[in-house]
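**Student:** Could you have a look at this structure, given as structure tokens, before my questions?
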Amino acid sequence: MGTRCQLRHRQRRPDAERARQRSGHIRVDIFHERLTCLPKDADQYAIRGSSTEIPCVDCTFGVVITGQFIERLYLIDVDQTVSKIFRVLEVGRRFLLTTRNAEDIKRKIRRHTALRRAQVFQDFLDALKLRLRTIGFSKIKVFGSGMVIRYLGYRFPFLSLCDGYLAMGDNS
């Protein structure tokens, strides 16, 4: 199962110092082909690895940003991935996760699901918050994302009209 996430590096560690000098972003991907196709001047450093086994030491990153990849994981891998992200995140730092909204009213009216071809998992808002809190994240906030938010602003209160979520949690 191929997954990727971007990790914002903040601490100077011998292994990641090269990456920090080259850029502030580290990309983790299980597929070597996707890592080698990065442009030479890309603002990223590539590490081959799985989201369930992030090949970095504890408390390495200041921010972890994941973009709609959690839907491509099986449920058992979702919990493992989020706990690994918690492990590599510095204490007091933030995790940002975007995912599709399983409760999107527009999809329900059309009788569609939040799952697409390669997606095998969907999380509902309350379950997502509980999952993050159970793993150890605090100060969890969820905002809408997608076209509705682009036009009406991220503080739009009706999340059921949004295409997806932006969830944030702090490692404390």
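**Student:** Could you say whether any residue in segment 89-102 is of a type in the set (Gly, Ala, Ser) and over 15 Å from the mean Cα position of the chain (by Cα)?
**Tutor:** Within segment 89-102, one or more residues are of a type in the set (Gly, Ala, Ser) and over 15 Å from the mean Cα position of the chain (by Cα).
**Student:** Among residues belonging to segment 66-81 that are farther than 19 Å from THR134 by Cα and surrounded by fewer than 16 Cβ atoms within 10 Å (Cβ to Cβ), point out the one that is farthest from the chain's Cα centre (by Cα).
**Tutor:** Here the residue is GLN68.
**Student:** Hey, among GLY153, GLY146, which residue is surrounded by 17 or more Cβ atoms within 10 Å (Cβ to Cβ) and modelled with pLDDT of 75 or more?
**Tutor:** After ruling out the rest, the residue left standing is GLY146.
**Student:** Still on this structure, I have one more. Taking the condition modelled with pLDDT under 90, crowded, with 16+ Cβ neighbours inside 10 Å and of a type outside the set (A, V, I, L, M, F, W, C), does THR113 pass?
**Tutor:** Against the criterion (modelled with pLDDT under 90, crowded, with 16+ Cβ neighbours inside 10 Å and of a type outside the set (A, V, I, L, M, F, W, C)), THR113 does not qualify.
**Student:** Return the residues of segment 142-164 that are within 17 Å of LYS108 (Cα to Cα) and in a loop (DSSP other than H, G, I, E, B); say none if nothing qualifies.
**Tutor:** The answer is GLY146, PHE158, CYS162, ASP163.
**Student:** Do any helices (runs of 4 or more DSSP H) entirely within segment 1-106 hold 1 or more residues that are modelled with pLDDT of 85 or more, and if so, which?
**Tutor:** 75-88
**Student:** Under 9 Å by Cβ, and 6 or more places apart or on different chains, what pairs join a residue from segment 82-106 that is closer than 14 Å to LEU128 by Cβ and without any contact (Cβ under 8 Å) to a residue 40 or more places away in the chain with one that is surrounded by fewer than 23 Cβ atoms within 10 Å (Cβ to Cβ) and small (Gly, Ala, Ser)?
**Tutor:** Matching pairs, first to second residue: ALA102/ALA114; ALA102/ALA127.
**Student:** Another question, if that's okay. Within segment 123-130, is even one residue without any contact (Cβ under 8 Å) to a residue 12 or more places away in the chain and among the charged types (D, E, K, R)?
**Tutor:** Yes: one or more hits.
**Student:** When you look at LEU128, is it assigned to a helix (DSSP H, G or I) and surrounded by 14 or more Cβ atoms within 10 Å (Cβ to Cβ), yes or no?
**Tutor:** So LEU128 fits the description; yes.
The values are calculated or read from the model by the stated rules, or taken from the named source; none is laboratory data. Keep in mind the model is a prediction, meaning the values are calculated, not measured. Note that each Cβ is placed from the backbone with ideal geometry, even for glycine, and that neighbours are counted across all protein chains shown.
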